[in-house]
Amino acid sequence: MSQSPLKDIEASHNLPEARLYTAIVNSSDDAIIGKTVDGVIVSWNPAATRLYGYQPEEAVGQPMTMLCPADRAGEIRDILDKIGRGERVVHHETVRRRKDGSDVHVSVTVSPIRDEDGTLIGASSIARDVTEQKQARAAAELGRRAEALQRANGNLETFTYSVAHDLRAPLRALAGYSEALLEDCGDDLGADGRSYAERIQAASEQMAMLIDDLLQLSRVARAEMHLQPVDLGAEVARITEDLQRGGPDRRVRFAIQRPVQVLADRSLIRTVLENLVGNAWKFTARQDEALIEFGTVPAGEAGVCCYLRDDGAGFDQAYAGKLFAPFERLHSAGEYPGTGVGLASVKQIVERHGGRVWAEGAVDAGATFYFTLDAKETP
Amino acid sequence: MSSGQTILLVEDNPDDEALTLRALKKNKILNEVVVAHDGAEALEHLFPRGSAEVQLPGLILLDLKLPKVDGLEVLRRIRAERRTRFVPVVVLTSSKQQEDILDSYQNGANAYVRKPVNFTEFSSAVSTLGIFWLLLNEPPPRLHAPSD
């Protein structure tokens, strides 16, 4: 009967073909833009106005690049090159800029337009807002990650519980029976035997300390943070008083800047200061007099930069990077006791507060530990 | 030292059991010690089936991580029953995790003591607990058994 359904519509409604196409384009939900091979806009449908915010008279005659964020200007060139080679760009997901400056995620299909002779005369660009799909995909991805994270967290909690409850019991048996051996059979053991039993005891206690420190490290990584104003100077002063009470014979001078107001999690930041001040106290133990200082230095950007300085044993700057790794120690356990977890905890906590920590020192010339906190110093 | 009251030791680890008994003996705490090796055994001892009258312990030393019924559940049951709700319960365990301590107090523990690894410290802790709860502390007056 007729050549095509389109001809039917034309015939029944007496519409010329061009008007019919215009009607279809105008009623489309997708932005349909016609452009020259050089990328100059020649037609602009109502959906394009809704998507990009430009009226047809504002858009027609302008280059396509006006819809492009500056960092994607090259994209338009690439698309036009493809069109020039007679290729299509199908469902290309990208970002375009609206008249009001906001960005919109779109999926674009660009096809060449040819005249009756097959000569390339321009291109049609059909764009669809995919912000919602994109958000839905991102939300789904986020959900999957949260689930995985929750699983990992659950496993970690089970692990921590087991470490806290099960790992110490065998150590109590080792230490306890060694002690029983010494008490009940000490005379039969001889000097060597007694010394071995004592070593078993000491090793059990050392391992118990390691387990506790491991648990502490895991706590500082997982603990929920509650930021509140804290005077770091006052905290340092309190810690030094405790240390002084524990070692009344030590001659240590303290120079503590007060107040040093920051926003921090009180319990966690206290762990930082206890470790740093405790280290300063420990590594000045072999000298008659010592000086331990706490204060702030001008911080480059916003935030606060604190330091804790001592004039004690110090360390070789070449190993400064190792200081903050868990279970790394620069001194033997015989020289200075410890497990090498304190500074690893310090690093964890400072980084959780958005800051960083570093150290400067020299052998027998003291050490200075610096840390920054993201939160601004409040007057 | 013996005040005639028994101690119920709820402990699944045989080494910890032996060390605790050794510590009690060393410190001349001669009260009878009943050992329950898991939570279910502890509950059976405290709440025997049938009408058997059981003498309540003067002190319960309770581990948290136990087979079958865990320590917190044992504690909840003890506090839920009128007959046992005032029996002193000391949680004696390995952990010093904040959650464990908080959970224990929330469920009505009278004290929370972490077992030290060093035996001298462990022994002194057990002795202090025995002396305090069995001798120094004044227990609540005996309640009448419920008449149901």
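A few remarks follow.
- Subset of region B:1-17 that is under 15 Å from the mean Cα position of the chain (by Cα) and in a helix (DSSP H, G or I) - its residue that is farthest from the other protein chains (Cβ to nearest Cβ): B:17
- Residue within region B:18-33 that is within 14 Å of chain A (Cβ to nearest Cβ), exposed (fewer than 14 other Cβ atoms within 10 Å of the Cβ) and assigned to a helix (DSSP H, G or I) present: yes
- Taken together, A:210, A:273, A:243, A:181 contain a single residue that is within 14 Å of chain B (Cβ to nearest Cβ) and either surrounded by 17 or more Cβ atoms within 10 Å (Cβ to Cβ) or basic (Lys, Arg) (or both), which is A:181.
- Flag for residue A:147 being more than 14 Å from chain B (Cβ to nearest Cβ), farther than 30 Å from residue B:116 by Cβ and outside any strand (DSSP E or B): yes
- Condition check for residue A:191: closer than 27 Å to residue B:119 by Cα and not β-branched (Val, Ile, Thr): yes
- Complete set of residues in region B:66-93 that are surrounded by fewer than 22 Cβ atoms within 10 Å (Cβ to Cβ) and either within 14 Å of chain A (Cβ to nearest Cβ) or of a type in the set (Lys, Arg) (or both): B:67, B:68, B:70, B:72, B:76, B:77, B:79, B:82, B:83, B:85
- Set A:162, A:204: member being in contact (Cβ under 8 Å) with a residue 24 or more places away in the chain, of a type in the set (S, T, N, Q) and at the interface with chain B (Cβ under 9 Å from one of its Cβ atoms): A:204
- Odd one out for residue B:57 among (1) touching a residue at least 40 places away in the same chain (Cβ under 8 Å); (2) over 20 Å from residue A:173 (Cα atoms); (3) over 12 Å from the mean Cα position of the chain (by Cα): (3)
- For region B:94-110, a tally of residues being surrounded by 16 or more Cβ atoms within 10 Å (Cβ to Cβ) and either more than 9 Å from chain A (Cβ to nearest Cβ) or acidic (Asp, Glu) (or both) returns 7.
- Inter-residue pairs, beta-carbon under 8 Å, first assigned by TED's automatic domain parsing to the domain that holds residue A:82 and assigned to a strand (DSSP E or B) and in region A:102-122, second surrounded by 15 or more Cβ atoms within 10 Å (Cβ to Cβ) and of a type in the set (Asp, Glu), 6+ apart: A:104/A:129; A:105/A:129; A:106/A:129
- Residue A:140 surrounded by 11 or more Cβ atoms within 10 Å (Cβ to Cβ) and in a helix (DSSP H, G or I): no
- Residue count for region A:165-192 under the criterion of being among the small types (Gly, Ala, Ser) and touching a residue at least 12 places away in the same chain (Cβ under 8 Å): the result is 2.
- Residues of region B:111-123 that turn out to be assigned to a strand (DSSP E or B) and within 14 Å of chain A (Cβ to nearest Cβ), as a count: 3
- The residue list A:309, A:270, A:258, A:286 contains one member that is assigned to a strand (DSSP E or B), charged (D, E, K, R) and touching a residue at least 12 places away in the same chain (Cβ under 8 Å), which is A:309.
- Among residues of region B:43-71 being β-branched (Val, Ile, Thr) and in a loop (DSSP other than H, G, I, E, B), the one that is farthest from residue B:96 (Cα to Cα) is B:54.
- Residues that are under 24 Å from residue A:282 (Cα atoms) and in a helix (DSSP H, G or I), drawn from region A:339-355: A:342, A:343, A:344, A:345, A:346, A:347, A:348, A:349, A:350
- Among the residues here, residue A:369 does not qualify as touching a Leu at 6+ places or on another chain (Cβ under 8 Å), assigned to a loop (DSSP other than H, G, I, E, B) and under 27 Å from residue A:241 (Cα atoms).
- Exactly one residue out of B:63, B:38 is closer than 25 Å to residue A:177 by Cβ, within 14 Å of chain A (Cβ to nearest Cβ) and among the acidic types (Asp, Glu): that is B:63.
- Taken together, A:81, A:30, A:38 contain a single residue that is under 30 Å from residue A:118 (Cα atoms), of a type in the set (Asp, Glu) and crowded, with 16+ Cβ neighbours inside 10 Å, which is A:30.
The values are calculated or read from the model by the stated rules, or taken from the named source; none is laboratory data. Remember, predicted model here, so these are calculated numbers, not experimental data. Cβ sites come from the backbone with ideal geometry, for glycine too, and all protein chains shown count toward neighbours.
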